[in-house]
Amino acid sequence: MNRRQVGNWTRSSQCNIDQCVEVSFGETAVLMRDGKRAEQSPVLTFAADTWRSFIADTKSGAFDVDRNA
């Protein structure tokens, strides 16, 4: 997925409105905020290794919901 830079914040290129989350990548942490609130948004902080694990689990389907359950 391509990303679009917003200052030091990045959002998906699939986001064509301001209702997407934005992330900022650092060496040891990843920050996430609400794109529609931008500077007024609270910022969540994740350790970089925790973020990488979350992305890997998401891609592997670990969080997929069984819609037939």
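No value in this document is a laboratory result; all are computed from the given coordinates. Just so you know, these numbers come straight off a predicted model, no measurement behind them.
Summary of values
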{"read-out": "Estimated 222 nm signal from helices in the chain, with DSSP H stretches of n ≥ 4 weighted -39500 (n - 2.57), rounded to 500", "value": "-6000 deg cm²/dmol"}
{"read-out": "On Cα atoms only, tilt of 48-60 relative to the major axis of the chain in degrees", "value": "40"}
